[in-house]
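Each value in this text was obtained by applying a stated rule to the coordinates, not by laboratory testing. Since the structure is predicted, the reported quantities are computational estimates derived from the model, not experimental observations. Cβ: placed from backbone, ideal geometry, glycine included. Neighbour counts: every protein chain shown.
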Amino acid sequence: MFNLDDYIRKVPDFPKKGILFYDITSVLASPIAFKYCIDKMTEIYKDKKIEAIAAIEARGFLFASPFAYNLDIPIIPIRKKGKLPGITLSKKYDLEYAQAEIEVHSADVPKGKRVLLTDDLIATGGTLNAARSILIEGGAHVPEIFGIVGLPFLNYQKVLDPTPITTLIEYHSE
Ligand code: AMP
């Protein structure tokens, strides 16, 4: 039987000591595992009236793109500050020891439409929370959040409440 866990590379002490990094390049390197992820996303959301998908730079783009192609919907890239050339909406948020900032082209946010917000992995939920707020500021609805991998022990549910969150696999300890 197919088990997605077999395709996720676990790298201890990356990017720093004490962090177990769940790497999805090993999913990308397996057409079986990648197809499993895209087929699952498509199956979960195909009847949920999703009108666009927003994804976080850079790994989020890889899963959002084939999904958008399958559903025939637009992709809204959410990028690190300074990468998008047009007029943007932006949001600063706290990381463990620093601040980060993400941006979206305001013209690309579909006003009044149902946007699925995605990333490859949901850890603290801080990045998705900031992304959700700029999408809503731009006039979109964010009815659901999706990640391939979830780390619920980092309490992302609380940060992302009340938006429903779906993941394909969860890990429950560090
Ligand atoms: P978050 O804490 O949810 O804002 O996560 C920020 C970003 O860091 C996400 O895009 C994740 O892909 C990445 N990330 C955080 N923790 C991990 C981890 N343990 N393994 C792999 N990626 C991670």
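Quick notes
- Hits in region 50-63 (condition: assigned to a loop (DSSP other than H, G, I, E, B), within 15 Å of the ligand (Cβ to nearest atom) and closer than 20 Å to S133 by Cβ): E57
- Single condition K49 does not satisfy, out of (1) out of contact with any strand residue (DSSP E or B) (no Cβ under 9 Å at 6 or more places or on another chain); (2) over 18 Å from E137 (Cβ atoms); (3) surrounded by fewer than 12 Cβ atoms within 10 Å (Cβ to Cβ): (1)
- The combined condition, being in a helix (DSSP H, G or I), among the polar types (S, T, N, Q) and either buried (at least 21 other Cβ atoms within 10 Å of the Cβ) or within 12 Å of the ligand (Cβ to nearest atom) (or both), is fulfilled by T127.
- Summed over region 91-123, residues that are within 12 Å of the ligand (Cβ to nearest atom), in contact (Cβ under 8 Å) with a residue 24 or more places away in the chain, in a loop (DSSP other than H, G, I, E, B) and exposed (fewer than 14 other Cβ atoms within 10 Å of the Cβ) total 1.
- Contact map, region 139-153: residues that are under 20 Å from F61 (Cα atoms) and touching a residue at least 12 places away in the same chain (Cβ under 8 Å) paired with residues that are within 11 Å of the ligand (Cβ to nearest atom) and of a type in the set (D, E, K, R), Cβ distance under 7 Å, separation 6+ or inter-chain. Pairs shown: G147/D119; G147/D120; I148/D120; V149/D120.
- Residue within region 156-167 that is in a strand (DSSP E or B), in contact with a helix residue (DSSP H, G or I) (Cβ under 9 Å, 6 or more places away or on another chain), under 25 Å from F21 (Cα atoms) and more than 14 Å from the ligand (Cβ to nearest atom) present: yes
- Per this entry, T163 is counted among residues that are hydroxyl-bearing (S, T, Y) and touching a Lys or Arg at 6+ places or on another chain (Cβ under 8 Å).
- Condition met for I134 (at negative phi and within 11 Å of the ligand (Cβ to nearest atom)): no
- Lone unmet requirement of (1) crowded, with 17+ Cβ neighbours inside 10 Å; (2) under 15 Å from T166 (Cβ atoms); (3) in contact (Cβ under 8 Å) with a residue 60 or more places away in the chain for F67: (3)
- Residue among P85, P66, P77 that alone is of a type outside the set (S, T, N, Q) and part of a strand (DSSP E or B): P77
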